[in-house]
1. Quick one: if the Förster radius is 45 Å, what FRET efficiency do R221 and E157 give, using the C-beta to C-beta distance and rounding to 0.05?
2. For S235 and D8 in the same chain, what is the full-extension length gain: residue separation times 0.36 nm, less their Cα-Cα distance, in nm?
3. Restricting attention to segment 4-110, which trypsin sites (Lys or Arg not before Pro) occupy a DSSP loop and are surrounded by at most 10 other Cβ atoms within 10 Å?
4. Shape of segment 202-243 from its Cα gyration tensor (a ≥ b ≥ c, root eigenvalues): rounded if a/c is under 1.5, otherwise prolate when a/b > b/c, or oblate?
5. When DSSP assigns beta bridges and you keep just the ones with both residues in the chain, what percent turn out antiparallel, to the nearest 5?
6. R259: net charge of surrounding residues, Cβ under 10 Å, Lys/Arg +1, Asp/Glu -1, itself excluded?
7. Given the whole protein assembly as supplied and a 1.4 Å probe, what does the accessible area of S173 come to in Å², nearest 10?
8. Could you please put K182, K137 in sequence from largest to smallest accessible area, using a 1.4 Å probe?
Amino acid sequence: MEWRLRGDRVAVVPTMGNLHDGHMSLVRRALQVAERTVVTIFVNPTQFGEDEDFDTYPRTLQQDCERLGDAGVHLVFTPDVESMYPFGLADATRVIVPRLTRHFCGANRPGHFDGVTTVVMRLFALVQPDIAVFGQKDYQQQLVVRHMVQDIGLPIEIVTVPTVREPDGLAMSSRNAYLNEKERSVAAAIYAELQDAGEQLRQGNVAISTLEADANLRLRRAGLEPEYFAIRRASDLSPVIDNAGDYVLLAAARLGAVRLIDNILVSRR
Ligand code: PAF
């Protein structure tokens, strides 16, 4: 490829489209860290469960391409399902990362991460990037991709970009559009709980299990159905057994038909 002959580094931003400001912050980072930026837009069927929103997932390709063009992206790659999975979905070669996928979103969305690593590996093979940019919003996803890259020995640097939030703290997500007015006003409770528990974790006066249980209870009281609220080591999601280190607070909750996830990082020294 001409770019490679010139010695240009290539960054890829894998997305499922319906781009919002959170995606655009990944794109801006990619444009900063490499000479060439490729954005992929592909609503990947293999990462959706049977009862999930693959068919109704918002598809806004033309708008997305205009936004990416205005931002200065060099290439937008929008494959169709047949070219990504030429042997069909059932016979597709799969990339499975057992480590890091057993808990949290992996437990609540069986097969989801297999679909993510399967498609990300294909996108890496097709784009051959030097750098790949992911959002911190999907904290477990970026850890799983980091692990896959390390385990397989791919020469790709993974860059993780902080979550972009609405003014009330709700993490930006394409699925926020599914929330009705009442649900939307409740949704910010997730970030508020994360911050509250994060502050108490920093102070170190309350047991981790108590912080987790209290946050779950308060989320329920606010009208959400929490799937998990957990405090783990940021590096590998293992339980916190030390008094100092880098931690991640992870939350997933259902609000009506919508599943929301969020997380924050906290360091304790
Ligand atoms: O985070 C997403 O949007 C998707 O999981 C990804 C990484 C584009 C793979 O389909």
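1. Approximately 0.60, to the nearest 0.05.
2. Details: separation 227, 0.36 × 227 = 81.72 nm, distance 3.08 nm.
In short, 78.6 nm is gained.
3. Numbers: sites: R4, R6, R9, R28, R29, R36, R59, R67, R94, R99, R102; in loops: R6, R9, R59, R94, R99, R102.
Qualifying residues, ordered by number: R6, R102.
4. Working: a/c = 3.26, a/b = 1.63, b/c = 1.99.
It comes out oblate by the Cα gyration axes.
5. Values: 21 of 37 bridges.
Of the beta bridges lying entirely in the chain, close to 55 percent run antiparallel.
6. Working: positive: R109, R175, R254; negative: E52, D53, E225, E227.
Local net charge: -1.
7. Counting only protein heavy atoms, the figure is 30 Å².
8. Values: K182 155, K137 35 Å².
Accessible-area ranking of K182, K137, largest first: K182, K137.
The values are calculated or read from the model by the stated rules, or taken from the named source; none is laboratory data. What you are looking at is a predicted structure, and each value in this text was computed from that prediction instead of being measured. Cβ atoms come from the backbone with ideal geometry, glycine included; neighbour counts cover every protein chain shown. Keep in mind that these areas ignore ligands, DNA and RNA; they rest on the heavy atoms of the full protein, side chains included. Shrake-Rupley method; radii C 1.70, N 1.55, O 1.52, S 1.80 Å.
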